[in-house]
Structures are given as C-alpha cells and as structure tokens.
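Working notes, beginning with the structure itself.
No value in this document is a laboratory result; all are computed from the given coordinates. Since we're looking at a predicted model, the values are computed, not measured. Glycine also receives a Cβ, built like all others from the backbone with ideal geometry; neighbour counts cover every protein chain displayed.
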Amino acid sequence: MIEPTPLNSEGDQLKNLVEHVPELIYEYITTPESAGYFTYVSEACRDIYDAEPSELINDADIVWKSIHPEDLHDFTTKFIEAIDQVKVFVWQGRLISRKDFKLKWVKLTAQPVKVDKGTVKWYGVVHDITSFKTIESELQFAKEKAEREAKAKEEFLATMSHDIRTPIGGILGMTDLMMADATDEQKEYLQLLKHAANNLNSLVNNILDFSKLNSGEMIINPARMSLSTMLDSLYQLHHFKADENRNKLIFELDESLPEDLYTDEMIITQILNNLLNNANKFTKDGEVILKLETLSRQESNLKLRISVIDSGIGIGEEDLQTIFEKFKQVGAGINHQGGTGLGLSITKQLVDLMGSKLNVSSTLGEGSCFSFELNLQVLTESKLKQLKTAKKSA
Ligand code: ADP
C-alpha cells in the first residue's frame, strides 16, 4: 500500500487551502490488483458524500454506492477508459445522498500520474454543480415554454388572419356589385367602405406575412415570371391609388429588360406593393416612380436595381435609422395615413430573403427613394431546357 503524501510544516498553508476550498480534493490510487482506494480526502467530503474523510479512506465503495443507478454505467465506462489509457478522468452525473436520499449533481475531474508498474495516483476534484444544473434545467424549461408559446401565437395569428380575410373579400366583392347601380352619394359612401375594407385587408396581410416570416415559414419558390405581366398588374393596382392623391405614376424601364425571369413573383410583387403603397400614401400632387435598371447581364445572369422613388413628405435623418424596425411609424407620417408600422419591416425581411438589402435615402419635404439590387435568372431558351431537365430528374 502506498502511503499518503505527508504534509510537512511548510505544507501547512497548502493544507489549510485544500481543507477550506468548497470542492472535494482527493488523492486516489489504482493498481493492477485493485479498483483503488483513497489516500487523501478533504473536509468537503462531508457536504458531497455525507461521510467523514476517514470513512472514505477506509471504504472507497461509499463513492460507488452513492452514484445514481442510471449514471453508474457511464461512470464505470469512463473510469475504466481513463485507467486503461492513463488519461484525465472527467465525469458529470448524479449522486444520491446517504442521509436524505436527495439528488445531487457533481462534476468529477482527476489527473493521473504514473507511479510504477501499473500503479497510478489520481489527483482529483469533486465539484457540487447542483445549483448550476437546477438553473440550466429551469432555463431549458423556460426556453421550451417560450418556444411553445411563440409557436401557438404564430398559429393563432395565421388562422385568425386567414379567417378574417375571407369575409373582407366578401365585403369588397359586394361593394363592387352595389357600386354598379348606386347614386352618386351612395357611390361616395361605398368608396369609403371599400377604402376601409382595403385597409383592413392589407393590415391582415401584413400580420400574416409577419407571422410567416417570424416562424421561418416564408421560403423562396422560384418559377417562370413574365416581367411585363407583373408590371402590368402593379400598374393597374397602383394607378388608382396614385389618382386618389393626384400623383403621377411613372414606370421607368430599361430598354434591355428581358421578358421572362425565373424568380419568386409573389415575393417581388409583395415588396413592390408595399413600397408603392407607401410612396402613394406619403405623396400628394407629386410623382411616384418605379425604376428598373440593368446593372449587368452575363448570359442568363441579370443584376437588376429596382427603385421606388417619390416626391412626398420625406423622412427625417434620425427616423431613417429606425424606419425598418417593426411597429415603427415616424415623423410626419405618424397616424395621419393609417397603417401599422409593419410594412417596411416586412419589406426589408422579404428583400433579405431574396439575398439583397433594402436601401433608403430621403430628404424631409422633398421625397424618398427605396432601392435594392437583385441577382436574377433570365429564362433564355437554353435555361428553360436546363430547368426542365433538372425538374425531370428531381
Ligand atoms: P405603415 O404601415 O405605418 O406605413 P411602414 O413600416 O410601411 O408602416 O412605414 C413606417 C413609417 O415609415 C411610416 O409610418 C412612415 O412614417 C414612414 N414611411 C414609409 N415610407 C415612406 C415614404 N415613402 N415617404 C415618407 N415616409 C415613409
């Protein structure tokens, strides 16, 4: 049997230190003949193993017996592995108190030092990590609860938005029908009704997009898109809105723009609808321009800059910093024109989704310019063939 390392008088300071640290410090010996025994155990063993140091020195089995049965296999495997390879032993697991059968989490670390022919001294520390583990499991529980609640909220929003859109569609349809035979005065009221229903519709659409973006459900679905058809329907929708505020709606398009692109039409339309809506909303007796510029074109790769420019009320320099935050309405635009402050936050996220960045420049009283650049695929004959083959083999 190897004697414990004696602590001489110069070692008193060290002894004091070892006896007073809250972690259990020990020296353990393993030999080819025995699974091991303690030669030194610090005072902290009373707190960790509910045993006196002398008890552990006389009977190392106390340690083995205190390990939670479900964690014993893991402990044994790691212990044998550390002995076989003479490598640092690290284990984390549960102990059951000898006194009151309460659970305790500990982390055990031991450094091996070879003595002779298979005899190894282990210098180790046992750290009570119960409070860390409690906090960790509380945090995990809180995280899972928050995730469940966020998911339930998203689902609720999505269902509600969907269910509200259906009756709004009915109101809009009926208003159009009634408009046909209405007197001028009735038409004025119906126009107001339609305007309110349209606002409600875009509010609900925003909430739906917002919840989809937040839950990561919004993904890019590229397909063939006819640029002229997409621009045509944008014009049809927004020239009415432009007329209401006596704005001139201008589409400035490069001559060289291709007709067919391979992209997500719905997302591009949503981005442009939001930007054109805002431009018309915050401009009166002015101009709203949608500009499409080709920045470069190499075979089927097209780089396009898309800008929505208006000559409206503009946005102050300070407000430009926060304009893309959700629920943010700023400056002169606040509450005068309705809205939720969600539109630009959604637009920015949609532009991000398309792999680009939404830029804004604006001067109060002069107008604003929102722009972004897109790398798009032009649908040339050869590109079309390539896609068809890819789809077939998918
Ligand atoms: P909202 O639904 O309130 O319009 P947005 O997120 O689309 O929300 O816009 C946030 C705010 O940014 C608006 O309330 C307005 O103050 C300002 N804003 C957005 N676009 C323009 C614009 N083209 N001209 C002036 N102000 C704008």
### Message
Modelling each spin label as a point 7 Å along the Cα-to-Cβ direction, I'd like the K357/E185 distance in nm, to one decimal.
### Response
5.8 nm
### Message
List residues of region 262-298, by number, whose backbone nitrogen lies under 12 Å from a label position 7 Å along Cα→C-beta of I220.
### Response
262-265, 267-268
### Query
In nm, to one decimal, how far is the modelled label at Q236 from the one at D59, with both set 7 Å along Cα→Cβ?
8.9 nm
### Proximal lysines to K87, defined as alpha-carbon separation beneath 17 angstrom and excluding residues fewer than eight positions away on the same chain
K78, K107, K114, K117, K121
### Query
For region 114-212, with only Lys/Arg (+1) and Asp/Glu (-1) charged at the beta-carbon, what is the dipole magnitude about the Cα centre, in debye rounded to 20?
980 debye
### Task
Between L192 and T130, take the C-beta separation as r, use R0 = 51 Å, and let me know the FRET efficiency to the nearest 0.05.
0.15
### Task
For region 1-160, list log₁₀ I(q)/I(0) at each q in 0.11, 0.18 Å⁻¹, using the Debye formula over Cα point scatterers of equal strength and ignoring solvent, two decimals each.
-0.53, -1.15
### Query
Remind me, what semi-axes does the chain give for its equivalent ellipsoid, largest first in whole Å, using sqrt of 5 times each Cα gyration tensor eigenvalue?
73, 26, 21
### Query
region 193-262 to region 354-386: how many Å between their Cα centroids?
14 Å
### Message
Which residue, I268, W64, G316, has the largest displacement toward the positive end of the dipole of the chain when charges sit on each Cβ (Lys, Arg +1; Asp, Glu -1)?
### Response
I268
### Summary
Per the rule of 0.36 nm per residue minus the C-alpha distance, extending D285 to R148 adds in nm 44.4 nm
